């Protein structure tokens with residue numbers, strides 16, 4: 001973990017076109033390296049620095065000592081119908097279910113998501129709970145290992161939507177979650193964001209799975225797993 005930030009970096013990526021955004025990120029990398037004497041600064045670190053104004057007042061006041069670290073956040077939930085909220089304000093951090101409490105990341109943790117992975121499980125007539133289900137990538141047998149292919153269309157043709165602080169940050173077809181990690185290896189069970197998604201600290205996160213409209217869900221009990229990977233700040 002390295003402290004990465006310079007108090008003079010207060011530009012943001014919002015509203016920039018592709019060329020301008022790339023120029024801003026490269027500029028941020030140079031400022032990070034020059035200010036702190038580092039040999040390198042990653043693209044993720046530079047983007048976080050450019051989004052300083054979205055951090056809390058306390059985090060900004062401690063900007064000079066801010067660090068970054070690799071981070072993984074996850075949740076598992078039963079899904080039953082067309083619209084399935086995977087988090088709510090009653091959700092608590094429970095091992096095996098989620099590491100996110102009350103729909104928010106804790107103070108000081110500003111998360112830049114670079115990859116999202118999704119798994120699906122069907123356990124037939126027995127409800128074993130989301131933390132005990134055996135998840136498979138959506139690309140495995142059409143996303144359904146027990147039911148007929150037609151029923152699986154409700155899952156594989158669905159969408160995953162993320163809303164943070166009332167702003168829709170993504171709405172991705174489930175079929176998109178079949179890319180391998182960019183660094184090679186691993187299974188084709190995720191989506192690599194060309195433009196990483198920032199989830200600021202202490203902001204309400206809504207993650208909703210929409211099954212395909214008017215398509216029957218697979219028979220039995222169904223569960224969804226979402227894993228978010230990236231880099232986050234730490235005080």
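Here, each number is a calculation from the coordinates, and none is a lab measurement. Here the structure is a predicted model, which means the values were calculated and not measured. Quick reminder, even Gly has a Cβ in these numbers, built from the backbone with ideal geometry, and neighbours come from all protein chains shown.
Annotations for the structure displayed:
- In region 174-215, the convex hull through the Cα atoms has an average projected area of 4.7 nm², a quarter of its surface area.
- Calculated diffusion of region 71-234, Stokes-Einstein form, Kirkwood radius summed over Cα pairs, 20 °C and 1.002 mPa s, µm²/s: 134 µm²/s
- Arranged from fewest to most other beta-carbon atoms within 10 Å of their beta carbon, 195, 208, 118, 231 become 195, 208, 231, 118.
- Residue order, fewest to most surrounding Cβ atoms within 10 angstrom, among 228, 170: 170, 228
- Label-to-label distance, nm, for residues given as residue 187 and residue 208 (7 Å Cα→Cβ offset): 2.9 nm
- Exposure proxy ranking, count of Cβ atoms within 10 Å, fewest first, for 194, 179, 225: 194, 179, 225
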